[in-house]
Amino acid sequence: MAIQNQKRIFLYALILTFVVFNIGIFLGYLMESSRINQINSMSLDAEMELIDQMAQRSSMDVLNLSCTSLLEENTRFGDQIYQEALQIQRYEDANVINNEIIFQHKRFDLLRALFWIDSIKIKQQCGSDYHDVVYFYKYNNPTIDQKSKQEVFSNLLQQLKDKMGSKVMLVPLAGDNDISSINLLMEKYSITELPVILIDEKTKVTDIKNESDLEKYLI
């Protein structure tokens with residue numbers, strides 16, 4: 001009788017463990033799906049806003065838009081995509097990277113690249129004095145040295161953005177996701193190593209230790 005009770009207890013424990021394990025997997029799946037859906041939503045919103053901004057710039061004369069309003073919209077959108085980049089990084093840190101995450105990351109990279117190109121055109125058209133700071137980094141299988149360097153770069157760039165605000169258009173781009181337009185931009189600006197920071201389409205920075213190493217290029 002005692003042996004049967006022990007077997008029954010063991011069976012109950014086994015069933016309970018199985019149920020709890022599967023509930024954990026299911027909840028994990030729901031959380032991952034929720035994060036992916038949020039990334040999808042942010043991507044669609046950013047895509048719509050970028051198209052709207054490009055339409056505004058292209059029709060400045062027709063709509064009689066001032067450079068002031070165009071620059072304000074560009075600055076607002078630049079700050080928005082920077083915050084979204086931080087949010088996506090948090091989602092990626094919390095999730096197992098899968099094909100859906102990689103696809104959405106590529107989509108955001110393409111949107112950021114288009115924003116950068118449009119930002120250059122707006123600066124040329126309106127003579128603004130904000131700085132384009134484009135951060136090219138290694139996304140797929142970075143080495144230990146690259147990971148360490150990118151962590152330093154990311155932290156210092158975030159500090160710089162927090163300090164200078166709308167005076168800096170910070171655009172993070174994965175440089176190894178095989179996106180043709182980004183590859184062409186890297187070729188144009190002779191980006192041959194990762195990570196690297198490109199400032200105002202002129203200065204390439206590959207080694208920084210503190211904020212002043214960046215700020216000296218923004219004077």
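Observations
- Against the test of being within 14 Å of residue 117 (Cβ to Cβ) and not assigned by TED's automatic domain parsing to the domain that holds residue 77, the options 188, 204 yield a single qualifying residue, 188.
- From the list 173, 184, 214, the one residue that fits, being under 21 Å from residue 104 (Cα atoms) and touching a strand residue (DSSP E or B) at 6+ places or on another chain (Cβ under 9 Å), is 173.
- Looking at 219, 191, 199, 179, just one residue is modelled with pLDDT under 90, surrounded by 13 or more Cβ atoms within 10 Å (Cβ to Cβ) and of a type in the set (A, V, I, L, M, F, W, C), and that residue is 179.
- Residue match in the range 142-162 (condition: surrounded by 20 or more Cβ atoms within 10 Å (Cβ to Cβ), within 21 Å of residue 82 (Cα to Cα) and in contact (Cβ under 8 Å) with a residue 60 or more places away in the chain): yes
- Matching option when the condition is aliphatic (A, V, I, L, M) and at pLDDT 85 or above, among 65, 70, 160: 160
- Residues in the range 99-151 that are aliphatic (A, V, I, L, M) and either within 16 Å of the chain's Cα centre (by Cα) or under 22 Å from residue 78 (Cα atoms) (or both): 101, 102, 110, 111, 113, 114, 117, 120, 122, 133, 134.
One line per residue, one yes/no per condition, for (1) touching a Gly at 6+ places or on another chain (Cβ under 6 Å); (2) modelled with pLDDT of 80 or more; (3) among the charged types (D, E, K, R); (4) farther than 25 Å from residue 184 by Cβ:
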{"site": "85", "(1), (2), (3), (4)": "no, no, no, no"}
{"site": "135", "(1), (2), (3), (4)": "no, yes, no, no"}
{"site": "146", "(1), (2), (3), (4)": "no, yes, no, no"}
{"site": "164", "(1), (2), (3), (4)": "no, yes, no, yes"}
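- Answer residue from the range 129-141, given it is within 14 Å of residue 197 (Cα to Cα) and without any contact (Cβ under 8 Å) to a residue 60 or more places away in the chain and is surrounded by the fewest Cβ atoms within 10 Å (Cβ to Cβ) among those: 138
- In the set (1) touching a residue at least 12 places away in the same chain (Cβ under 8 Å); (2) farther than 24 Å from residue 208 by Cβ; (3) among the hydrophobic types (A, V, I, L, M, F, W, C), residue 103 fails one condition alone, (1).
- Inside the range 92-131, residues that are modelled with pLDDT under 80 and β-branched (Val, Ile, Thr) make up a count of 4.
The values are calculated or read from the model by the stated rules, or taken from the named source; none is laboratory data. Nothing here was measured: the structure is a model prediction, and the numbers come from that model. Neighbour counts run over all protein chains shown; Cβ positions are idealised from the backbone, glycine included.
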